[in-house]
Amino acid sequence: MIKKLLAVSVSAVMMLAMSVSAFAAGSVNTSEQKILDELNAKNVPAKYVSQAKNYVEKDGVDITEAQAKEIIAHIDAADKILSDAGITVADLKKDRATLEKVVEEAKKAAQVLNLILTFNYTTYEVTVVDASGKTVAVINSTTTKKTGADSMSTVAVVSVLGLAVATLAVVTKKNAEA
Amino acid sequence: MKKSSVRTVICILASMLLSIFVSVLAIMLSVELGFATNNSLAIALDEVKYYERLYEDFMDKCESVVIPDGLGAEVFDGVFTVEQLKSDGNAYLNAQLNSTVYKINLDSYKTKLTINIKEYVEKNQLVADGNEDEIIEAITDNIMDYYIKMISIPYASTIGSIFRTISAYFPYVFFAMLIFAIITIWIINKQNPHKKNRVFRYLAYAIMSGAITTLVPPIYCIYTNFYTKIQVYPGYLYDFIVRYIENGIRIMLIIGIILFIVAIAMIALSTYIKYKYIHVKHHHHHHSSDDSEA
Amino acid sequence: MAYIYVPLFFSFLAYGVTYLMASDVIDMAVNLVSLISADKAPDFSNENNSIFVKDAVEVVEEDGVQTVKRADVGMADYGDLYAYVRCTRIALDAPVYYGDDDAILKKGVGQDFASSQPGFGRLIVLCAHNNMYFNALKNIEIGDIVEIETSYGTYSYEIKETKILNENDSSAFDYAIDHEQLVMYTCYPFDMLAHTPNRFFVYADLISGPVFVD
């Protein structure tokens, strides 16, 4: 009995030691909650809010009142850009100019927490990394991933080979006739 | 001159493509026949007497489980047999490979075991430390769980999905390669209407290349024996994996050797025809105005 | 002699082409081998960025309710192996990585990074290749129990619904859902080689697991 308990407490200590920092209490504080509420109020798609929620839940992430104020300011600024342009978040893909402005605001908001936000204008994928390069958020525009076997490379190679053979065959036939 | 260099280029390209087709065909065939069938697993299991040794291991473990509970080895008399274990094991393995669900019927084992335990308890006048039926039920359930755990081969469903992916590709790629190869041989033949020795030369290049591609992996395996260094326990599982790999390698080796022999035959044919042609040429003093021989 | 050099050169080409054609299968086989050889490594190792430690955290059970301290619950980083998902009836047993890029999907089950870990009362989205770890889903039925074992306890979910939807159907799941829901998806149909535009979705609701307390 004692042996078992001993094993549990040792591994529990190791488990905590593997956590990111001294803030053992990972959870959402009031400032963080304000940010999340603001995101919800401005109708930011659930994908992004969920990602933000994951981030603030982490151990070692404690956003201060001052930081929260700055971030909320950027969220409001982005919202204003949208309403000035008269479009909703869903239409952003069609309006490159407005999209760039919104991305700028998002980048500034991320900077408040020393995070670097990058936006891929081809795939519409958002990536956020922290100062040490660790991925903190990844949001793609597709709903699902490709989770099937991909025979594309096989088909491509076989096609190229077939084409090569066909070319040689055609040339040979011409040669023979000539 | 120009026409013949075009012909040489086409023949070299055709030969190169043919070597790819022959190699792919040979490798696919050896993998499909030697590794990727449920049968190849079954053969390896049989050859290392996997289930027989598993049975012994299982019975040992069963005994060590029940003895602390106060029972003896004889409670297992007539409960499990090697044949039944084998048939359960094979059925379960096949189900996992095909990604279907197979429920092993444990009722007969459980019933017999329960009867045996009750007899043992009576005979030895054991007193149960609680509700006797519940305790016996717990013991039999434990043994049944153990049985299922022991007869399942790890990662069988993942292995099965690899097999299935290979089998799905196999027919299409195989036939494509075969048809391409036939066309390529026709090209080489058509390009050399007068000097048939050339045809065999280009064929030899391609088939020899196929032989090399197919022989290198098994020879590498035999030379380094790296697969024997995997750390897998228990012993019968290790033996099974090693035997499975060796059987597959052997098939690849055989196909490679066959290709090698065919390639040598092609070279011999090419030399023979060339000799005959030159011999004939000398005899009739018939001068051919075409390009020189390699 | 040309009979040696030419075939040798051709062989290099042949290996290249074979690899291109079979890269999928080769990757699967290599991953299986690394799975088997890593099997004997102890749980504490940090290979594969595993933060999963079985029964690491003390789960207190009182009156049938399990609780665990919120401070003990570690949050996984991108790419961490932090749990195992299991359903014994269909022989599903796979490692769960936080994140779902191609590299992860080759090693096990991936989790949508925007979804959350078990126990937080939010959406959990898992995905995996339909010819590997999630091939077992083709036998799943409503009422089956799926378990996710984490370092801080085991959570059980009951399958309520299965659906087949287009790969880009954004109504497939809702990040803002108000209760803990497990969604698993994979390409559909199963065992098909061509590009699959559909996905097979499985929805399960939480039925038991440690609750967080301060």
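The values are calculated or read from the model by the stated rules, or taken from the named source; none is laboratory data. Since the structure is predicted, the reported quantities are computational estimates derived from the model, not experimental observations. Cβ coordinates were reconstructed from backbone atoms using ideal geometry, including for glycine residues, and neighbour counts include every protein chain displayed. All accessible areas refer to the heavy atoms of the entire protein, side chains included, with ligands and DNA or RNA removed. Shrake-Rupley method; radii C 1.70, N 1.55, O 1.52, S 1.80 Å.
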message = I need a count of the residues in region C:104-140 that are more than 8 Å from chain A (Cβ to nearest Cβ) and free of Cβ contacts under 8 Å to residues at least 24 places away in the same chain.
response = 2
key: Any chance B:D145 is in a helix (DSSP H, G or I), surrounded by fewer than 20 Cβ atoms within 10 Å (Cβ to Cβ) and outside the structural domain of B:S270 (by TED's automatic domain parsing)   = yes
message = Just to be sure I understand, how many residues within region B:83-142 are on the phi < 0 side of the Ramachandran plot, more than 14 Å from chain C (Cβ to nearest Cβ) and of a type in the set (S, T, N, Q)?
response = 12
ask   = Is region C:9-17 home to any residue that is surrounded by 14 or more Cβ atoms within 10 Å (Cβ to Cβ) and modelled with pLDDT under 90?
value = no
query = Out of (1) of a type outside the set (D, E, K, R); (2) more than 15 Å from B:V66 (Cβ to Cβ); (3) outside any loop (DSSP other than H, G, I, E, B), the odd one out for B:I136 is which?
reply = (2)
task = Scan region B:220-239 for residues that are surrounded by 14 or more Cβ atoms within 10 Å (Cβ to Cβ) and either over 17 Å from the mean Cα position of the chain (by Cα) or at pLDDT 85 or above (or both) and jot them down.
result = B:C221, B:I230, B:V232, B:Y236, B:L237, B:Y238, B:D239
key: Residue in region B:151-165 that is hydrophobic (A, V, I, L, M, F, W, C), in contact (Cβ under 8 Å) with a residue 60 or more places away in the chain and in a loop (DSSP other than H, G, I, E, B) present   = yes
message = Quick check on region C:148-169. Is at least one of its residues at the interface with chain A (Cβ under 7 Å from one of its Cβ atoms) and surrounded by fewer than 19 Cβ atoms within 10 Å (Cβ to Cβ)?
response = yes
query = For region A:152-169, does any single residue satisfy the condition of being part of a loop (DSSP other than H, G, I, E, B) and not aromatic (F, W, Y)?
reply = no
key: Residues being among the hydrophobic types (A, V, I, L, M, F, W, C) and more than 13 Å from the chain's Cα centre (by Cα) - total across region C:95-129   = 3
query = Does A:T127 fit the bill of being open to solvent by 40 Å² or more (accessible area, probe 1.4 Å), within 13 Å of chain C (Cβ to nearest Cβ) and outside any helix (DSSP H, G or I)?
reply = no
Selection count where residues are open to solvent by less than 60 Å² (accessible area, probe 1.4 Å) and not aromatic (F, W, Y), scope region B:103-134 = 10
ask   = Just wondering, is there one or more residues in region B:8-19 that are in contact with a Pro (Cβ under 8 Å, 6 or more places away or on another chain) and part of a helix (DSSP H, G or I)?
value = yes
task = Scan region B:265-277 and give yes if some residue there is open to solvent by 40 Å² or more (accessible area, probe 1.4 Å) and modelled with pLDDT under 80, otherwise no.
result = yes
